[in-house]
Amino acid sequence: MSFISKLFNKDKKEEAMGLLPQEIYKAQALELKDIIAPSALKIAPRELSLGDKIARTFFVISYPRFLGESWFAPIINLDRVFDVSIFIHPIDTVKVLRQFQKKVAEVQSQIHEREEKGMVRDPMLDTAYQDLEGLRDNLQQAQEKLFDVGLYISIYGESTAELDKIESEIKSILEAKLVYVKPALFQQEQGYKSVLPIGTDILNVHSKLNSSPLSSLFPFISFDLTSDRGILYGINRHNSSLVLFDRFSLENYNSITFAKSGSGKSYATKLEILRTLMFETEVLVIDPEREYEYMAEAVGGRYFKISLNSEHHINPFDLPLPGEDESSASILRSTIINLVGLFRLMLGGISAEEDAVIDRAITETYALKDITAESDFANVDPPLMSDFELVLTGMEGGESLAQRLSKYTKGTWAGFINRPTNIDINKKFIVFSLRDMEDELKPVAMYIVMHYIWSAIRKELKKRLLVIDEAWWMMKSEDTASFLLSLAKRGRKYYLGLATITQDVDDFLKSPYGMPIITNSSIQVLLKQSPTSIDKLQTTFNLTDEEKYLLLESSVGEGIFFAGLKHVAIKIIASYTEDQIITSDPSQVLSIQKAKRNLESGAES
């Protein structure tokens, strides 16, 4: 017999306590039970000491007249270490009906006795009589059965004070529902044995419940975000249920992701993109680090490199075609306003006088190409940056502006911005890579690309997702941050979901546009965080201390998923095939590239 078996055998307890580890070793009788057994056991009236842990067991002694659905869920979902055992012993219906007949007669007799004495009717007796009659009818018709139910809870802690705190927490939750528990005084050993997963009800403290209230005790109820449609975001870390959700079912379709570098934010985003593409949704990505190139190739998308030497160009003076509810005048006015913001960004800020000069110069530049508010934009040839510079040069107060702008038309940056548009985004998956763009120009490039995308979105109503990775670049400038917020607010009208991803929490939240973007995002994902930013996130998202430490201790791809007013702890999991497409791990990427080269060289030979 093993040590643990002897420990829980009352007849041989003394023998077990005298069995030394040396004797077990010499006898070569060490088993798995001996390894997992606690180093010591001490039984007290209110608790049980198991090595360096203390356990305390409770049993439920009283239930209310009605038990609501999922009343036990708050206990199941409690972020504490505890065990629950539910013992259900069926009772023979024939015996129960005999007892019911006697009980009904007793209650009926008490009611008649009060009536004969002229006493006021007792509501409690009337209610008891109705409940007994109703239950008896259901038992006779086999609609209900009766059971002896034992519900035992064992809690664990490092100290008695910690156990008292957990006990108070559990009692307050249950007593609020009129469910009362008591500790198993002088029966802690029996209580602990009853909670062990061996299916033995030694404590033997029961309450009688019929089928309906018993069903409300179903233990496998836990908070989740599983819906009947949407994509799989990950696994609920609490109960291993699936986190299935459709961002297009919320009041807006936006999301925001905060995570430290290397915590899996791009991996999670690419996984969402891959699964979103399966549901007839077009996806556009602004990629500052060239992380989506292989994925674009794998799914048959288009990948545009935006840099000073790139062959892909976007003319910021392009005019989108008006939608059904838009006029040419409103499109022209909106484009002029956006261009003023672009020049403010390109020139590093402008004064109020320069703002007015630029606004007038843009209008004259379009007029130079015979483009006015009445023009048909389908048949126009939009101006270039060099045309705008020419107009500025001939305007009073525009000479200095033209000189500052010359590096974009004649200097090293001319190849990027002073060319006609030559790209087509008529594909389900489009990526704009800005990795090779100089850091100084990245905000400008993001602004231009986003306006080009926005024009395409307004042109035709489709289900789309726009992903902006490393969005902290856009928060550096008021104009780009303001435009990002306008996308978050206006996107729903055009069936657009905006996914904003950033690792620099401080830069994002320092901007006056940071918090409004968060509040306009129905989905929020927080992955592993650094200690320097966790306090600010805790305040922003009203996280509990437990959630705060969960984010600090999470592994790669783990965190908290918020959807509307609900949130769960999540783990991002991909299949093998998905992982091969979306991985950003340098070792895996090199391995995939090597395999690809070997395959190509083998095909050539």
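The values are calculated or read from the model by the stated rules, or taken from the named source; none is laboratory data. Predicted, not measured: the structure shown is a model, and the values here were computed from it. Here the Cβ positions follow ideal geometry from the backbone for every residue, glycine too, while neighbour counts run over all protein chains shown.
Just a few scattered comments:
- Tally, over the range 170-207, of residues that are aromatic (Phe, Trp, Tyr) and either farther than 20 Å from residue 89 by Cα or not assigned by TED's automatic domain parsing to the domain that holds residue 77 (or both): 2
- The C-beta contact set for the range 475-487 (first residue under 17 Å from residue 252 (Cβ atoms), second residue at pLDDT below 85, distance under 6 angstrom, 6+ apart or interchain) comprises 484/474.
- Subset of the range 133-174 (residues that are within 31 Å of the chain's Cα centre (by Cα), surrounded by fewer than 17 Cβ atoms within 10 Å (Cβ to Cβ) and of a type in the set (A, V, I, L, M)): 173
- Applying the criterion of at least 3 residues that are under 16 Å from the mean Cα position of the chain (by Cα) to the helices (runs of 4 or more DSSP H) found wholly in the range 490-582 leaves 531-541, 545-553.
- Only residues that are over 44 Å from the mean Cα position of the chain (by Cα) and either closer than 18 Å to residue 456 by Cβ or surrounded by 13 or more Cβ atoms within 10 Å (Cβ to Cβ) (or both) were counted in the range 319-357, giving 3.
- Restricting the first member to the range 169-183 and to residues that are over 10 Å from residue 58 (Cα atoms) and touching a residue at least 40 places away in the same chain (Cβ under 8 Å), and the second to residues that are assigned to a helix (DSSP H, G or I) and not aliphatic (A, V, I, L, M), the beta-carbon pairs closer than 8 Å and six or more apart or on different chains are 173/74.
- Considering the range 1-95, the qualifying helices (runs of 4 or more DSSP H), each wholly inside and each with 3 or more residues that are at pLDDT below 60 and not hydrophobic (A, V, I, L, M, F, W, C), run over 13-17, 21-27.
Residues are listed down the side, and each one gets a yes or a no for (1) at negative phi; (2) without any contact (Cβ under 8 Å) to a residue 60 or more places away in the chain:
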{"position": "46", "(1), (2)": "yes, no"}
{"position": "51", "(1), (2)": "no, yes"}
{"position": "70", "(1), (2)": "no, no"}
{"position": "102", "(1), (2)": "yes, yes"}
{"position": "106", "(1), (2)": "yes, yes"}
{"position": "113", "(1), (2)": "yes, yes"}
{"position": "152", "(1), (2)": "yes, no"}
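- Test result for residue 360, over 46 Å from the mean Cα position of the chain (by Cα) and either touching a residue at least 12 places away in the same chain (Cβ under 8 Å) or more than 21 Å from residue 419 (Cβ to Cβ) (or both): yes
- Of all residues in the range 370-397, those being buried (at least 16 other Cβ atoms within 10 Å of the Cβ), of a type outside the set (A, V, I, L, M, F, W, C) and not in a helix (DSSP H, G or I) number 3.
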